[in-house]
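No lab work stands behind these numbers, since they all come straight from the coordinates. Bear in mind the structure is a predicted one, so any value in this text is a computation, not a measurement. Cβ sites come from the backbone with ideal geometry, for glycine too, and all protein chains shown count toward neighbours.
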Amino acid sequence: MPRHPLAVVGAWLVTLSAFVFIFGFLLDLLGLHHNPYFGLVFFLIIPIGFVLGLVMIPLGVVFERRRRRKGLAPRRWPRVDLNDPVHRRVAVGVVALTFVNVLIVSLAGYRGIEYMDSTEFCGQVCHTVMEPEFVAHRDGPHSRVACVQCHIGSGAPWFVKSKIDGTRQVVAVLRNSYSKPIASPVHDLRPARDTCEQCHWPEKFHGEKVETVPEFGNDEKSTDASTHLQLHVGGGVPQLASSSGIHWHTNRQVEITYVTTDPERQKIPYVRMKDPEGKIHEYRVADATEAQITAGERRTMDCMDCHNRPAHAFFATPERAVDAAIVRGAVPVQLPFARRETVAALKAKYTDRAAGEQGIAQHLRMFYSSEGKTASAADVDRLIRTAQFLFTTNVFPAMNVTWGTHTNNLGHVDAPGCFRCHDDEHKSADGRVIRQDCDLCHTIQ
């Protein structure tokens, strides 16, 4: 063994890293840890130290040889004689240790990649940065779908691309130069056919679906004023004689291409549709110029153009959040003006999470403790917990995320959504119009 300090330190680093990694690997294998930072330390940082030690050892050998060439020792090539028991033991030891080193690096690499693909890594390691997305994913309908299944999908090219993008994002976090809020990755998402459609069936005919849009009044009894709709979800393919409704847009025999002129794809001056017979129909708004259409982003429509926040949805307004909570039974509507006062508490501006929770509690307690109010303390406490939950799952002051920060294109009430195209303004040369007809998508009951 060379006596150069660099090689000695490298050998110790390799040995210690190996023992620590094996210890961490066993803990992970047995499921004895639940800390998201565990994987960051044991499967990323420790292996880096291990590889660094492996590099330091040969560097130490080189430096030691240079020292000896200066006259401290004769220069000679090492002589290996396997008939010599000492040499044989050293050779066997080197081979064994090399095997162990390769095994450790392989396990570390495999487990490190697996850990970096976990939802915990994506959402909890960079806690403040990704907290809004992580919380929305945790409480959403895709909570059991890992981030990478939608943001990366299968195949090496997108995996490599994601890791390159991830490196850039890590640098931004270290430099504190990331945007607040984190912008939706509109232009970097993989096509829906490679991700969404691995689980969802575009040709499936869903027919009609009854939907209730909850809405309650600000009067004392929080009177129910909800709207009941029969949605023409439709879907299917012409061969089954069932190509209709909203999901007609995803019909494999129809190709819809549009041009958008803004980064969030909210302004669409041009739409091109190829029908099942192959005939082309082009629609444009009156003030759209050829220069705008040429310079804009051209995109073939898929699921994500309407379902643009399938796993990270936030309520657009406090009213929407409270109405949904009333439907779930989380708001004790027997309290007078429960809806109105909860909305008022949520609309106030708060500097951080703690201030928000405290301000909400203070607002509601003061209202229901004022003169002339009869309210159960248990109901008030329950209302406060509900309001605080709605605040902490929709408002993140540290990331400048609040009600309506992220546009959701489903529907047309809180954002243009459907009306980006269905506005009676997109017209073709032969007089066709993309209609803004309510009955195209739903019937109000």
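For region 167-239 versus region 300-331, the inter-centroid distance based on Cα atoms is 7 Å. Ranked by the mean number of other Cβ atoms within 10 Å per residue, highest first, peptides 431-439, 147-155 order as 147-155, 431-439. Between His206 and Lys279, full extension at 0.36 nm per residue minus the direct alpha carbon distance yields a gain of 23.6 nm. The packing ranking, built from the mean of other Cβ atoms within 10 Å per residue, places the peptides 183-194, 82-93 in the order 183-194, 82-93, highest first. Taking the Cα centre of region 318-399 as origin and assigning +1 to Lys and Arg Cβ atoms and -1 to Asp and Glu Cβ atoms, the resulting dipole is close to 120 debye. Hey, what number do you get for the chain at 222 nm if only DSSP H runs of n ≥ 4 count, each worth -39500 (n - 2.57), divided across all residues, to the nearest 500? So the helix-based figure for the chain works out to -13000 deg cm²/dmol. Couplings 3J(HN,Hα) for region 401-411, derived from phi with the Karplus relation 6.51 cos²θ - 1.76 cosθ + 1.60 (θ = phi - 60°), are 9, 9, 4, x, 4, 9, 6, 10, 8, 6, x Hz, where x marks Gly and Pro.
Taking other C-beta atoms within 10 angstrom as a stand-in for reagent exposure, Ile256, Ile326, Ile164 fall in the order Ile164, Ile256, Ile326, fewest first. Within the chain, the whole DSSP H helices whose Cα atoms reach 27 Å or more along their own axis and whose mean Kyte-Doolittle score is at least 1.0 are 5-29, 46-67, 85-116.
Here's the picture: charge each Lys and Arg Cβ at +1 and each Asp and Glu Cβ at -1 in the chain, and of Phe205, Pro191, Val271 the one pushed furthest to the positive end of that dipole is Pro191. Working ranking of peptides 45-54, 225-234 by packing, defined as the average number of other Cβ atoms within 10 Å per residue, highest first, is 45-54, 225-234. Remark: region 248-259, residue by residue, has Karplus-estimated 3J(HN,Hα) of 4, 4, 9, 4, 4, 8, 10, 10, 10, 10, 9, 10 Hz, where x stands for each Gly or Pro and the curve is 6.51 cos²θ - 1.76 cosθ + 1.60 at θ = phi - 60°. Checking every one of the GluC sites (Glu not before Pro) in region 354-445 against DSSP loop status and a limit of 16 other Cβ atoms within 10 Å picks out Glu371.
For the chain, the residue among Pro132, His307, Thr257 whose Cα projects farthest onto the positive side of the dipole built from Cβ charges is Pro132.
Each of Ala354 and Ala291 was given a label point 7 Å from its Cα along the Cα-to-Cβ line. The distance between the two points is 5.4 nm.
Sequence-ordered 3J(HN,Hα) estimates for region 428-442 from the Karplus curve with 6.51, -1.76 and 1.60 and θ = phi - 60° stand at 9, 5, 8, x, 5, 9, 7, 6, 9, 9, 3, 6, 5, 10, 7 Hz, glycine and proline given as x. Summing charges over all other residues whose Cβ lies under 11 Å from the Cβ of Thr260, with Lys and Arg as +1 and Asp and Glu as -1, gives +1.
Taking a straight line from the alpha carbon of Lys279, these lysines sit under 30 Å away, with near neighbours fewer than eight places off in the same chain left out: Lys204, Lys267, Lys427. In a simple Cβ point-charge model (Lys, Arg +1; Asp, Glu -1; nothing else charged), the chain has a dipole of about 3280 debye relative to its Cα centre.
Seen from every direction in turn and averaged, the convex hull around the alpha carbons of the chain projects onto 34.1 nm².
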